[in-house]
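Asks: Below is the structure I would like to discuss, written out as structure tokens.
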Amino acid sequence: MGHILAIANQKGGVGKTTTVVNLGAALAERGQHVLLIDLDPQGALTASCGLDPYTAAPSTYTLLTQDGTRLGQVVRPAGEHLWLAPGSVDLAAAEYLLMSRPDRSRRLAAPLQAEAEQVAYVLIDTPPSLGLLTVNALTAAEAVLVPVECRYLAMRGIRAILDTVGTVRERLNPSLDLLGVLPTMHQPASAHSRQVIEELRAAFRERVFDTVIEVEEALATAPAARLPVLAHRPESAAANAYRRLASEVEARLASPPPART
Ligand SMILES: Nc1ncnc2c1ncn2[C@@H]1O[C@H](COP(=O)(O)OP(=O)(O)OP(=O)(O)O)[C@@H](O)[C@H]1O
Ligand SMILES: [Mg+2]
């Protein structure tokens, strides 16, 4: 079975979707088969792959809410070595619909475990909340990657997601690991931004990736072109940063788990 990674942080606009798109593209560029899963009702991942989250069907909403839906019915091609399970705006109602079901936290884990063996990596994009959609992603995942914006209060936010990871590990998914903390939207000219990275490294040590994603226009314009930055601006610093992240992710997953916790 492939590696299943959740990309999560309850803070909005920290680079979760950007990381799913571009880490996915960078792993695909290395020849790996990659499945991207959109669990966010905003559907930004789906839109940046060129599909309309208002009309995408079947979608992850179907997968989560309709018994018997197979992953293969939802997944579609999204590029060379890349596939997408699109999200739809209906996902906003899924949390409510699932609330009374005893298997509410395993609605993604079950179909993924049954069918994810064809791909090397599954990257799950999550909404900016710690609700049931994010819990479904963490329950299905082997490890979580937490993007953190290099700004004040970043540290406070990270505790909330790590507490949720701890709760999911205790109750639902004992093997869930923290793959790493990814500093995003770094501004090298800003002393403040540099200080946030120092604080992250002091608090989370080797769990912080060596790769840092800087603020770069190409990352903001690529979604409008419906392309990962690796295709939109292949030689940009951002494209190269996501390539370095892909090799770090592969190295971390290849090392024994105790080194990563
Ligand atoms: N390093 C960067 N430099 C410049 N713009 C960026 C960078 N990373 C992300 N962006 C832009 O910032 C916005 C927010 O990024 P993104 O959508 O990836 O965050 P998110 O955490 O997924 O947000 P949400 O919580 O709403 O899902 C997007 O418009 C994206 O294109
Ligand atoms: Mg997003």
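None of the figures in this text is laboratory data; all of them are computed from the coordinates on show. If you're wondering where the values come from, they're calculated on a predicted model, not measured in any experiment. In this analysis, Cβ positions are derived from the backbone assuming ideal geometry, glycine residues included, and neighbour counts consider all displayed protein chains.
Asks: I need to check one value: relative contact order of the chain, counting alpha carbon pairs closer than 8 Å and at least 6 residues apart, in percent.
Replies: Over the chain, the number comes to 25 percent.
Asks: Kindly provide the GluC sites (Glu not before Pro) of the stretch 55-120 that DSSP labels as loop, not H, G, I, E or B, and whose Cβ sees at most 14 other Cβ atoms within 10 Å.
Replies: Answer by residue number: Glu80.
Asks: If Lys and Arg each add +1 and Asp and Glu each add -1, what is the summed charge of the other residues whose beta carbon sits under 9 Å from the beta carbon of Asp125?
Replies: Residues near Asp125 contribute -1 overall.
Asks: Can you list residues from other chains, or at least 5 along the same chain, whose modelled amide H is less than 5 Å from the amide H of Val208?
Replies: Those qualifying (amide H under 5 Å, at least 5 residues apart or on another chain) are Val181.
Asks: Could I ask something else about it? May I ask you to sort Ser48, Ser105 by Cβ crowding, counting other Cβ atoms within 10 Å and putting the fewest first?
Replies: Ser105, Ser48
Asks: Same structure again: Give a quick list of chymotrypsin sites (Phe, Trp or Tyr not before Pro) in the stretch 199-261 that DSSP marks as loop, anything other than H, G, I, E or B, with at most 16 other Cβ atoms within 10 Å.
Replies: Within the stretch 199-261, no chymotrypsin sites (Phe, Trp or Tyr not before Pro) qualify (loop, at most 16 other Cβ atoms within 10 Å).
Asks: Return the Rg/Rh ratio of the chain with Cα-based radii and a Kirkwood Rh.
Replies: For the chain, the value is 0.94.
Asks: What is the order of Thr164, Thr139, fewest Cβ neighbours within 10 Å to most?
Replies: Taking fewest neighbouring Cβ atoms as first place, the list is Thr164, Thr139.
Asks: 7 Å from Cα along Cα→Cβ at both Ala202 and Thr221: what's the point-to-point distance in nm?
Replies: 3.8
Asks: Another question about this same structure. Hey, can you grab everything whose amide H is under 5 Å from the amide H of Val148? Only 5+ residues off in sequence or another chain; H modelled, so Pro and N-termini drop out.
Replies: Leu182, Thr184
Asks: Once Lys and Arg get +1 and Asp and Glu get -1 on their Cβ, which of Ala239, Thr139, Thr19 lies farthest toward the positive end of the dipole of the stretch 3-260?
Replies: So the residue we want is Thr139.
Asks: Summing -39500 (n - 2.57) over the DSSP H runs of n ≥ 4 in the chain and dividing by its residue number, what mean residue ellipticity at 222 nm do you reach, to the nearest 500 deg cm²/dmol?
Replies: -12500 deg cm²/dmol
Asks: Sort Lys16, Lys11 so that the residue with the fewest other Cβ atoms within 10 Å of its own Cβ comes first and the one with the most comes last.
Replies: Listing Lys16, Lys11 from fewest to most nearby Cβ atoms yields Lys11, Lys16.
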